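Contents: one structure, followed by commentary.
Derivation of every value follows stated rules applied to the coordinates shown; laboratory data play no part. No experiment lies behind these values; they were computed from the predicted model shown. Note: ideal-geometry Cβ built from the backbone for every residue, glycine included; neighbour counts use all protein chains shown.
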Amino acid sequence: NAGVTQTPKFRVLKTGQSMTLLCAQDMNHEYMYWYRQDPGMGLRLIHYSVGEGTTAKGEVPDGYNVSRLKKQNFLLGLESAAPSQTSVYFCASSYPPRQVGYEQYFGPGTRLTVT
Amino acid sequence: LAKTTQPISMDSYEGQEVNITCSHNNIATNDYITWYQQFPSQGPRFIIQGYKTKVTNEVASLFIPADRKSSTLSLPRVSLSDTAVYYCLVGDPQAPDMRFGAGTRLTVKP
């Protein structure tokens, strides 16, 4: 099993450009999450999904959109990138918490720089 | 969501036991306590989760007093490879939006 994979690993954008980050998981997890982590800080939840076709806002959703068209994939979009979105982005997935506890499996991260 | 407070950093030496305490005074009845570990340039990794008393697995132990207003992650006989940031999360397992704080940066020295 590859677990949780993220594409791309690194990206540099100019202000105003758009891009999509792809997250894929092969563990048949219902729940998927997108976080951002700024230097020296903990992770902050951007959006999450509790199943195919569903999405919900997390702590810092502004400037981002997400889609979960397939159970195994969760896409994070930046429509008009801003320097404040320079960060490391982590995707995670999990079973529904009520079934087997609350363990999230994280991907390796995408380092995004917006100039 | 329960607010958590952890030390910003801790130092230890190889072979010692390390205890990291997390305060969560406003923990709710349905909340569980979960700890994650994060190495540089990697995503966090689940360590342990508990509700009350003591939980132990092959990596760590989690001690939770009766009032549940704090918890202690115990790492036995740490090695250099345990140098990482450790996060304490408190929340309802049925709510998917648990919050990561700033964590505790543990440095293990030879």
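Taking the Cα centre of the protein assembly as shown as origin, work out the dipole magnitude from +1 charges on Lys and Arg Cβ and -1 charges on Asp and Glu Cβ, in debye rounded to 20.
240
Please report A:Leu43, A:Leu22, B:Leu75, A:Leu78 as a ranked list, fewest other C-beta atoms within 10 angstrom at the top and most at the bottom.
Sorted ascending by nearby Cβ count, the order is A:Leu22, A:Leu78, B:Leu75, A:Leu43.
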Sorting A:Phe74, B:Phe46 on the 10 Å Cβ count, fewest up front, what's the list? B:Phe46, A:Phe74
List the lysines whose Cα sits under 20 Å from the Cα of A:Lys71, skipping any in the same chain fewer than 8 residues away. A:Lys57
Debye, to nearest 20: dipole size of chain A, +1 on Lys, Arg Cβ, -1 on Asp, Glu Cβ: 200
Normalised contact order of chain B, rounded percent, pairs of Cα under 8 Å and 6 or more residues apart: 37
Report the relative contact order of chain A, percent, no decimals, based on alpha-carbon pairs under 8 angstrom and at least 6 residues apart. 35
What lysines sit close enough to B:Lys69 to cross-link, taking a C-alpha to C-alpha distance under 27 Å and skipping anything fewer than 8 places away on the same chain? B:Lys3, B:Lys52, B:Lys54
Using a 7 Å offset from the Cα along the Cα-to-Cβ direction at both B:Ile8 and B:Arg45, what is the distance between the two label points in nm, to one decimal? 2.7
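Dipole magnitude of region B:5-85 about its Cα centre, charges +1 at Lys/Arg Cβ and -1 at Asp/Glu Cβ only, in debye to the nearest 20?
260
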Furthest towards positive pole of dipole, B:His24, B:Tyr86, B:Gly43, structure part chain B, Cβ charges: B:His24
Taking the alpha-carbon centroid of each part, what is the distance from region B:2-57 to region A:53-72 in angstrom? 28
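Given a Förster distance of 25 Å, report the FRET efficiency between B:Val55 and A:Thr7 from their Cβ-Cβ distance, rounded to the nearest 0.05.
The value I calculate is 0.10.
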